Ligand SMILES: [Zn+2]
Ligand SMILES: [Zn+2]
Ligand SMILES: [Zn+2]
């Protein structure tokens with residue numbers, strides 16, 4: 001890039017192109033220091049109990065529809081009691097002159113409890129504990145892919161009340177369905193197009209460029225790189241990318257799964273350390289559809305979309321211009337990467353514990 005280009009990225013309003021979705025975002029690096037008179041979120045330091053008798057995810061507790069959780073000791077997976085998708089949905093469709101279009105959608109919704117402990121998050125778990133979760137994700141992806149009506153498996157976590165998460169017990173959800181939903185479908189178009197035009201993988205090539213430039217890399221280990229994508233929308237959005245071209249989580253080797261667990265522990269710890277708060281986010285894995293087709297274009301990856309902007313109490317809202325035009329950000333991806341790069345991999349609550357001499 002020319003010097004002129006560098007100045008564009010750091011000093012002047014500009015648009016950036018999202019390679020994965022073919023959408024644009026507006027970056028306004030000249031105005032991050034404007035005064036904030038908007039909404040402040042509240043934080044709490046109230047400790048949570050390790051077991052909550054009223055939590056429907058804690059071991060041994062009764063769930064809303066009468067099932068009782070086993071007294072589990074590691075992870076625990078079950079069908080969501082209030083599933084948004086059902087396997088028994090009829091394959092009806094509606095098309096009135098191309099104007100009113102609808103189709104029945106079959107699917108399955110699963111819940112994965114990360115731990116029997118009510119009071120921990122990924123950031124407070126060990127790499128070994130997170131590895132067990134990664135293995136459960138791979139098992140679930142495989143088992144759901146075996147069902148003939150499942151064409152796509154979406155694994156995602158909503159963490160924190162700010163993200164609308166109704167239960168603080170550490171867990172994620174898996175929604176598996178017949179069709180490829182909107183976000184991965186947009187990425188699939190771009191991944192395919194790049195492969196057809198250039199004969200290589202868009203994300204392999206993108207990763208190569210980012211590793212060479214370095215200024216958006218947060219950290220890397222043997223198997224994975226965590227970076228702020230060039231086109232990031234959320235202030236501290238990250239992309240967790242395997243170095244090797246693997247299309248789904250099943251294809252990760254045992255060693256790669258360990259490095260995935262290490263990357264997940266470190267990014268969630270750094271998020272918590274950034275504003276000394278249990279950092280809210282939505283995260284999820286994008287990977288190859290399970291439609292019995294070959295998908296060499298897919299390079300699996302995980303997104304983290306955290307809503308916090310400049311402190312534990314200032315949230316970024318996607319309203320106004322974002323809803324009507326396209327996303328916009330002030331702090332650049334490069335500045336955000338620098339902030340996350342300087343964070344410790346040791347969780348702040350652990351670091352603050354008094355040490356015995
Ligand atoms: Zn619980
Ligand atoms: Zn690739
Ligand atoms: Zn993606």
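The values are calculated or read from the model by the stated rules, or taken from the named source; none is laboratory data. Model, not experiment: these values are computed from the prediction. Note that we place each Cβ from the backbone using ideal geometry, even for glycine, and neighbour counts take in every protein chain shown.
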Picking from 342, 322, the residue that is free of Cβ contacts under 8 Å to residues at least 12 places away in the same chain and under 13 Å from residue 233 (Cβ atoms) would be 322
When restricted to 278, 247, the only residue touching a residue at least 12 places away in the same chain (Cβ under 8 Å) and within 16 Å of ligand 1 (Cβ to nearest atom) is 278
Residue 194 vs (1) over 30 Å from residue 50 (Cβ atoms); (2) within 16 Å of ligand 3 (Cβ to nearest atom); (3) in contact with a strand residue (DSSP E or B) (Cβ under 9 Å, 6 or more places away or on another chain): all pass except (3)
Counting only residues in the stretch 85-97 that are touching a strand residue (DSSP E or B) at 6+ places or on another chain (Cβ under 6 Å) and outside any strand (DSSP E or B), the one farthest from residue 109 (Cα to Cα) is identified as 89
- Item | Condition check for residue 166: within 24 Å of residue 79 (Cβ to Cβ) and touching a strand residue (DSSP E or B) at 6+ places or on another chain (Cβ under 7 Å) | no
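A quick yes/no check of all residues on (1) within 13 Å of ligand 2 (Cβ to nearest atom); (2) surrounded by fewer than 19 Cβ atoms within 10 Å (Cβ to Cβ); (3) in a helix (DSSP H, G or I):
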site	(1), (2), (3)
175	no, no, no
184	no, no, yes
187	yes, no, yes
191	yes, no, yes
196	no, yes, yes
212	no, yes, yes
Quick check on the stretch 207-229. Is at least one of its residues in contact (Cβ under 8 Å) with a residue 60 or more places away in the chain, in contact with a strand residue (DSSP E or B) (Cβ under 8 Å, 6 or more places away or on another chain) and more than 17 Å from residue 335 (Cα to Cα)? no
Q) Taking the condition more than 22 Å from residue 254 (Cα to Cα), buried (at least 16 other Cβ atoms within 10 Å of the Cβ) and within 16 Å of ligand 2 (Cβ to nearest atom), does residue 124 pass? A) no
Looking across the stretch 136-169 at residues that are under 23 Å from residue 305 (Cα atoms) and touching a helix residue (DSSP H, G or I) at 6+ places or on another chain (Cβ under 7 Å), the single one that is surrounded by the most Cβ atoms within 10 Å (Cβ to Cβ) is 153
When the stretch 221-256 is checked residue by residue, the ones that are assigned to a helix (DSSP H, G or I) and surrounded by fewer than 19 Cβ atoms within 10 Å (Cβ to Cβ) are 250, 251, 254, 255
The correct count of residues that are away from ligand 3 (no atom under 16 Å from the Cβ), under 17 Å from residue 336 (Cα atoms) and at pLDDT 75 or above in the stretch 17-43 is 6
The number of residues in the stretch 263-320 that are out of contact with any strand residue (DSSP E or B) (no Cβ under 9 Å at 6 or more places or on another chain), outside any loop (DSSP other than H, G, I, E, B) and either within 14 Å of ligand 3 (Cβ to nearest atom) or at positive phi (or both) is 0
Quiz item: residue 280: in contact with a helix residue (DSSP H, G or I) (Cβ under 6 Å, 6 or more places away or on another chain) and either at pLDDT 95 or above or away from ligand 2 (no atom under 16 Å from the Cβ) (or both), yes or no?
Solution: yes
